Amino acid sequence: MQNCSDRFFVLTGGPSSGKTTLIEALKAAGFATSPEAGRGIIRDQVAVGRSALPWRDKPLFSELMLSWEMRSWHAAYDHAGPVFFDRGVPDTLGYYRLIGLPVPTHVTNAATKFRYNSRVFIAPPWPDIFTQDSERKQTLDEAERTYHSLVGVYTELGYELIELPLASVEARLDFILAEAGLPPHT
């Protein structure tokens, strides 16, 4: 598997920390992006009346997340420029740990093999913008525990975590582009 780490950038963190809004800003600025697995899976499962939902069947939901993230990695492989991911394969490993399930060997293998840029952007918990909705049912406490689980996973996998500032979307966008060594947004 070719190493695309120089151009695959992950934005991770707990729910409702501004990741998806930032991914949308990157997309609007002309960058290739990959959407978050969780919301897509939830929408699809609800639409077809299935149970692979984090509040019904966590193991199946986890497997679908892993599959989604690997598919997203492969889809980005054919794109020539930088790609920003709303979460990455290691997030699935973090999710298994967070919910207290044994981590299957194939999940660890995937997190090791599907690599991203060594610098991973992580959004810290941000109580001022935290919200819940029909798809994001986690509490602020769960969001904080998710953040800490992801810090542990990405650190163990050898990534350098770059914490996003608690700032406006524009300021975060400028921060990411500068840290990624990309031209500033105009």
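Here, each number is a calculation from the coordinates, and none is a lab measurement. Only a predicted model underlies this, so the values are computations on that prediction, with no experimental measurement involved. Because the Cβ atoms are built from the backbone with ideal geometry, glycine has one as well, and the counts that use them run over all protein chains shown.
Below are the figures for this structure:
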{"read-out": "Separation between Cα centres of the range 1-57 and the range 145-170, rounded to whole Å", "value": "15 Å"}
{"read-out": "Residue-wise HN-Hα coupling along the range 61-67, computed from phi with Karplus coefficients 6.51, -1.76, 1.60 (Hz; x: Gly, Pro)", "value": "4, 4, 5, 5, 4, 4, 4"}
{"read-out": "Separation of the Ser5 and Trp55 label points, Cα + 7 Å toward Cβ, nm", "value": "3.9 nm"}
{"read-out": "Sparse-neighbourhood loop sites, chymotrypsin sites (Phe, Trp or Tyr not before Pro) in the range 5-103 - DSSP loop, at most 10 other Cβ within 10 angstrom", "value": "Trp55"}
{"read-out": "Structure-based [θ]222 nm, the chain - -39500 (n - 2.57) summed over DSSP H runs of at least 4, per residue, nearest 500", "value": "-15500 deg cm²/dmol"}
{"read-out": "Cα pair count fraction exceeding 15 Å, expressed as % - the range 22-88", "value": "55 percent"}
{"read-out": "Virtual spin-label span in nm between Thr108 and Arg71, 7 Å along Cα→Cβ", "value": "2.7 nm"}
{"read-out": "Selection of trypsin sites (Lys or Arg not before Pro), the range 1-66, meeting DSSP coil and at most 15 other Cβ within 10 Å", "value": "Arg50, Arg56"}
{"read-out": "Amide H contacts of Val10 (H built 1.01 Å from N, under 5 Å, at least 5 apart or other chain)", "value": "Phe85, Asn117, Phe121"}
{"read-out": "Top of Ser168, Ser118, Ser67 by mean-square fluctuation, Gaussian network on the chain, Cα under 10 Å", "value": "Ser168"}
{"read-out": "Calculated P(r) of the range 8-179 - Cα pairs past 30 Å, %", "value": "10 percent"}
{"read-out": "Listed peptides 97-110, 147-160 by packing density, highest first (mean Cβ within 10 Å)", "value": "147-160, 97-110"}
